Structure formats: structure tokens, C-alpha cells
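Q: The structure that follows is given in the form of C-alpha cells.
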Amino acid sequence: MRTLWRLGGPELLIISGSCLFIFVLGLSAYFEPDIRWLHFFQAWMYVVTIALAFRRNRWGYFIGISASGFWDYVNLFVTTFFHNGLHWLGASLATGQVQHVDQILAVPAWIGNFLVFVGCIWAFERLPEKSLRDLARFLLALILTTAFLAADVAVFQPRYLPLFRRSLHPHSPFALTLPLHVDWGAPPGVNRYSV
């Protein structure tokens, strides 16, 4: 039986989120050339997700949930990358001067992954037939997707390998607090923060 390609709400989320994240990976690699190969191979997980999702193949949904879920989880509960991106985005908007673009890129990257995550869950829920074997398939996809990313990191940027171990010990994203008021116009050396 031939599977028809169909563009619906979940597919729009999957493709827009994947394309946004792939674009951010490329832009990030432009600013930091030593991560180009890491990001090149990381992007392939999202290309595979798009290709399989458009065929309504549950493996595409499982890969998408695994890759995007892991990326957003790590950047919300393990690192301060997303938090710092929000901080520098706010600072750039407040001052009118873009600062730390490499950190700001974490915000659209997180959003792109969130769109993929939601799109894949929505698409899977839309499937007419589901079974307990899907749980085993999902766990296998999670293990293989994470292993692929770990191998990618090990080969091209081993300095990031500790993130995998630290992902087993998450922190609360609310433990990272921003000051209640930041005076972005204060001159250097002056306390910008007040309660």
C-alpha cells in the first residue's frame, strides 16, 4: 500500500520547527566554525524526521520527539544556554544593540525544537492504529537517536560529552532567576540590578 503525502497541522509544525532549527544550526556554525560538522550531522536527524513524518511513518515521529525533546530538555534543565539566550535577547531589545548573538540563537532553536516535539506528538496521536509495541519502538528510537547525537558529539566536539551525564541530574529552570528590574542603560561598572 502506498502512503500518500499530506500536509496538515502536525506536518506544518514538524517542517517549520525542523527548518527553523536547521537554520539556527547553520547560522551558529557560521559564527563558531569548529562546530560545523557537529551541526551538519545533528541536522540530519531533523531531515529524517521530516522525510518520515511526511510519509506518516511513526519512526519519524519517534525520532523527532527524541531529538527535539532531548535538545529542549538539556537546554532547559541541564545548561544555561536557553536562559542566557533569553537574557541577551532581552538586553538586545532593551538597548537596541544586538549582543551575544551566539547565545540569542538558543531561543529560536528551543522554539524550533518545541514545534517539532508538539508536531510529532500530535501526528502520532492522529494515527488510527497504536499498540504497546509503539512504546518499545519509541524507546528504541530514543536510545538510538541519543546514541547518534552522543557519537556525533564524541567525534566532533567531545567537550560537550559531560552534558549527557549531567542530563541525568537536572536542575529546576526556575532556580535560575533573573533580577526583577534591569537598568540596561546604566553605564558600565554601575549596578544595573535592583529589586
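Q: So, in the range 1-22, of the ones that are hydrophobic (A, V, I, L, M, F, W, C) and either touching a strand residue (DSSP E or B) at 6+ places or on another chain (Cβ under 6 Å) or at pLDDT below 85 (or both), which residue ends up nearest to PHE114 (Cα to Cα)?
A: LEU7
Q: Keeping to the range 90-117, report how many residues are farther than 21 Å from SER172 by Cβ and over 10 Å from the mean Cα position of the chain (by Cα).
A: Summing the residues that are farther than 21 Å from SER172 by Cβ and over 10 Å from the mean Cα position of the chain (by Cα) in the range 90-117 gives 14.
Q: Could I ask something else about it? Just checking, how many residues over the range 107-163 are among the aromatic types (Phe, Trp, Tyr) and under 17 Å from HIS39 (Cβ atoms)?
A: 4
Q: Then there is this: Check off (1) under 15 Å from the mean Cα position of the chain (by Cα); (2) under 16 Å from LEU127 (Cβ atoms) for PRO10 and give me the number that stays unchecked.
A: (1)
Q: Please note which helices (runs of 4 or more DSSP H) are completely contained in the range 35-136 and include at least 2 residues that are buried (at least 16 other Cβ atoms within 10 Å of the Cβ), touching a Lys or Arg at 6+ places or on another chain (Cβ under 9 Å) and not polar (S, T, N, Q).
A: In the range 35-136, the matching helices (runs of 4 or more DSSP H) lie at 36-54, 58-77, 106-126.
The values are calculated or read from the model by the stated rules, or taken from the named source; none is laboratory data. Keep in mind it's a predicted model, so treat the numbers as computed, not measured. Cβ coordinates were reconstructed from backbone atoms using ideal geometry, including for glycine residues, and neighbour counts include every protein chain displayed.
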